[in-house]
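Okay, structure first, notes after.
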Amino acid sequence: MTRTIDDLPPAVRSRYPYRSRFVQVNGRRMHYVDEGPPDAPPVLLLHGNPAWGYLWRDAVPPLLAAGLRVVVPDQIGFGLSEKPHTHAVHTLDNHTANLIALIDRLDLRGVTVVCHDWGGPTGLGALLSRPHRATAVAVMSTWAWTTPSSAFHRSVLPWRMMHAPLVGPYLLGTRAAMPGRGMYLSVVDRSRFAEESQEAYTTVLGDADERTLTWTWPRSIPIGLPSDTTGARFRWLEEGVRALRLPATVLWGREDEVFPSDVFAARWHEIWPHAEGTHLVTGKHFLQEDSGTEIGHLLADFATRATRAAHDPGAAR
Amino acid sequence: MSALPIVEPAANRPTSHRGVPLLTEPSVGHYPEFRAFLARTFGLDTDRIGGPGLLSVDGRFYELVFLGRSGTPFPSGVEIHALLPGLEPLDEDVADRDLWAVLEWLVDGVGGEWSAEDLVTTGRIYRVPAAEQK
């Protein structure tokens, strides 16, 4: 049976009160919400591991209030989208192709692409593949290169141990460490997260077999080892984003320990000297949990200006 | 807390037992040293797809079923099955403790930068019951 937002616990539904929609992408069923006027400038909000569209719930209202169209997909393998068990489905290239298919199927034009975590490598790969459809780009707690990698991702304790052979399927699959304790440890206001959000992430990844992507995606992060599987794709990504001259903005969590702002936000500014920011907000890796509304206002202002500038270059400011 | 797993000869596999899959790892070579340890321990370099590996934990038996995948060195993956007599259901708590003991044995056996101590610390951070009981 296909679950929708209406099938989720009332507390989750009330915080994400949007209509479930589905679209077939790259051979899989993707869940998304699509709110606001269909002819308004679209903003595409992309999440990573192990989240789903719910992560953006507090950012959506300010974007809608600004008159924008908001499209929020659940990456295949997460949320209310299809969750293939076969690990070979979950390559970076397949996930990028999923988003390209979404952009094509919805015929998004003049889109502002907003990237968090794996929403970065996948969303930027999609943007580079469909550059004529994008107006602007925003990044937060994400990356698109091989070096520097995150010290957190290079360390055995706990990150590499968590997804090591056999340990990964147990700790992240059987024991659901990522949507459970993992997210809890990566927000600032943990009691609020436990009260308002935890259930939303665990309820959509209820069975061990549904959590395959939570331990296969960490294995796709290049950290300079011979076993890296995505180095070539990330080199292509870096070359591509360096050449991008779209309006860009950088938002980051002050307390981010996974992608520290002094390394990763700074790197985005080196790649995009024209980018706005860094807009620092309260937040660790899942900064939307602590500062979702503030992020929504920052994105609404940025997307509105970028769209206006695209239509009237003389009015960029 | 379960005892240290013991590598058993295939001849010790108990008769009239069935396998209950507990864990599937499709990519044991994600860190190649894990594949090397399993190949070394169960003689897989020379045997390729032969019989499964056998472990016992406190007298309970676990089978390691090795998987092959085109284009990937063997074994590409491994399933861990609990061996249970006849139609007896799985005792999930016991199997979970034993599985954790197997993971500690595995990580320690791989060695180098991998240690059971770090596994236990990781398990405690993420509140894995078997790790918290240690």
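The values are calculated or read from the model by the stated rules, or taken from the named source; none is laboratory data. Since this is a predicted model, take the numbers as computed values, not measurements. Note that we place each Cβ from the backbone using ideal geometry, even for glycine, and neighbour counts take in every protein chain shown.
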| Of B:94, B:120, which residue is over 25 Å from residue A:88 (Cα atoms), touching a Lys or Arg at 6+ places or on another chain (Cβ under 8 Å), away from every other protein chain (no Cβ under 13 Å) and assigned to a helix (DSSP H, G or I)? | B:94
| request: Inspect all residues belonging to the range B:71-83 and state whether any of them is modelled with pLDDT of 95 or more, loosely packed, with under 14 Cβ neighbours inside 10 Å and not in a loop (DSSP other than H, G, I, E, B). | output: no
| query | Which one of A:101, A:88, A:126 is within 14 Å of chain B (Cβ to nearest Cβ) and either part of a helix (DSSP H, G or I) or on the phi > 0 side of the Ramachandran plot (or both)? | reply | A:88
| remark: For the range A:187-217, the count of residues that are closer than 21 Å to residue A:53 by Cβ and assigned to a helix (DSSP H, G or I) equals 19
| field | Scope the range A:174-184; condition touching a residue at least 12 places away in the same chain (Cβ under 8 Å), surrounded by fewer than 24 Cβ atoms within 10 Å (Cβ to Cβ) and under 22 Å from the mean Cα position of the chain (by Cα); matching residues | value | A:176, A:180, A:182, A:184
| query | residue A:169: in contact with a helix residue (DSSP H, G or I) (Cβ under 7 Å, 6 or more places away or on another chain), within 30 Å of residue B:92 (Cβ to Cβ) and either free of Cβ contacts under 8 Å to residues at least 60 places away in the same chain or more than 8 Å from chain B (Cβ to nearest Cβ) (or both), yes or no? | reply | yes
| Quick check: anything in the range A:173-183 within 14 Å of another protein chain (Cβ to nearest Cβ) and closer than 21 Å to residue A:251 by Cβ? | yes
| said: Looking at the structure I just gave you, is residue B:130 crowded, with 20+ Cβ neighbours inside 10 Å, modelled with pLDDT under 95 and either assigned to a helix (DSSP H, G or I) or away from chain A (no Cβ under 13 Å) (or both)? | reply: yes
| request: Quickly run through the range B:44-70 and pick out the residues that are more than 12 Å from chain A (Cβ to nearest Cβ), farther than 24 Å from residue B:2 by Cβ and either part of a helix (DSSP H, G or I) or among the hydroxyl-bearing types (Ser, Thr, Tyr) (or both). | output: B:44, B:45, B:46, B:47
